[in-house]
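All remarks here apply to the structure that follows.
Throughout, read-outs are computed from the coordinates displayed, never taken from laboratory work. Computed from a prediction, not measured in an experiment: that's the story for all the values here. Because the Cβ atoms are built from the backbone with ideal geometry, glycine has one as well, and the counts that use them run over all protein chains shown.
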Amino acid sequence: MDDTERVSLLIEVGEDMPVDKYEFLEWYKLNPLVRADLMSVTEGVRPGAKLELWRFQENHPLYYLPQQQVLENCLKRFVLSWVEHEGVFYVSSTRAHLDHFLHKECTEGEFLGYPACCITAFEEGCEKSLAKLDVGPAVKFWRKTKQHHNLLFGCLLHIPCDACCEPSIAMAQAVKDVLEKYDVGALLALSELNQGAFYEFHFRYPEK
Ligand SMILES: [Zn+2]
């Protein structure tokens, strides 16, 4: 094969390659946990996301403003709808879904596409926890995972009603698939966060 053939082969391969919509610099300036959350919406795993940038403001004030600008540029690029209030971004793939939520026609859990069983369990669990009748839903869930271990729990974006909740496991699988395909850094960051929750609730809280 001479150089001319080699160049034409490269051009052909290049033309056949699918365009990766995340291949732009600003995407990688976004915090990887924000990328993991946002990608679940851009890839259609769920209809909405809640991005809490105030957390960065609290811990890293100098980091906050660049993150907000970078995020807004990414949201425009992906043609998403959003509202921002005090560092919290509610983002959706459709304006209608966002309006539905803003007009209080659905709950936050429904806006975020969480399974109905988990929304109910979370609300009830929080009430019991506030009344000091039980530990909170996150503590309860991560404790159960000791007996029902599943690697997919590293890809969760919500607290499931139970370690055997099938819609949650299916959602975690879908999140894993898109992050593995497009953004391994975001996948690792999300897995570490969830692993941190597991350790937190097993070793810092006494077992009851
Ligand atoms: Zn559930």
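Lysine pair count for the chain with Cα-Cα distance under 24 Å and sequence separation of 8 or more or different chains is 29. A Gaussian network model of the chain, with springs between Cα atoms under 10 Å, assigns the largest mean-square fluctuation among Gly48, Gly185, Gly196 to Gly196. Shown here: region 30-117, whose C-alpha atoms stretch 37, 24, 23 Å along the first, second and third principal axes, sorted largest to smallest. Applying the Kirkwood pairwise sum to the alpha-carbon positions of region 56-167 produces a hydrodynamic radius of 16.5 angstrom. Assuming charge only on the beta carbon of Lys and Arg (+1) and of Asp and Glu (-1), the dipole of region 67-193 about its Cα centre is about 300 debye to the nearest 20.
Hey, what did the chain get for relative contact order, percent, Cα under 8 Å, at least 6 apart? Relative contact order for the chain comes out at 19 percent. Think of it as helices only: each DSSP H run of n ≥ 4 in the chain is worth -39500 (n - 2.57), and spread over all residues that comes to -17000 deg cm²/dmol at 222 nm.
Considering the chain as a Gaussian network with a 10 Å cut-off on Cα pairs, which listed residue, Asp134, Asp99, Asp177, attains the greatest mean-square fluctuation? Taking springs between Cα atoms under 10 Å, the residue moving most is Asp134. Across q = 0.13, 0.16, 0.22, 0.23 Å⁻¹, region 115-208 modelled as identical point scatterers on its alpha-carbon atoms has Debye log10 I(q)/I(0) values of -0.45, -0.66, -1.13, -1.20, in the order of the q list. With a cut-off of 14 Å between beta carbons, the residues surrounding Pro167 carry a summed charge of -2, where Lys and Arg count +1 and Asp and Glu -1.
Determine, for Lys76, Lys181, Lys132, Lys176, the number of other Cβ atoms within 10 Å of each Cβ, and report the residues in order from fewest to most. Don't skip to the end; give the middle numbers.
Values: Lys76 10, Lys181 13, Lys132 7, Lys176 19.
So the ranking, lowest neighbour count to highest, is Lys132, Lys76, Lys181, Lys176.
Computed from Cα atoms, the angle from the helix 116-130 axis to the main principal axis of the chain rounds to 50 degrees. Please list, ordered by chain and number, the residues whose modelled amide H lies under 5 Å from the amide H of Cys161; skip anything fewer than 5 residues away on the same chain. For Cys161, whose amide H was placed from the backbone, the distant partners under 5 Å are Cys118. Entry note, region 115-208: relative contact order of 29 percent, from Cα contacts under 8 Å with a spacing of 6+ residues.
Note the per residue figure in Å³ for the convex hull of the C-alpha positions in the chain. Don't skip to the end; give the middle numbers.
Numbers: hull volume 35.6 nm³, N = 208.
Residue-normalised Cα hull volume stands at 171 Å³.
Toward the positive end of the charge dipole of region 145-208, with +1 on the Cβ of Lys and Arg and -1 on the Cβ of Asp and Glu, the farthest Cα among Val184, Gly196, Ile159 is that of Gly196.
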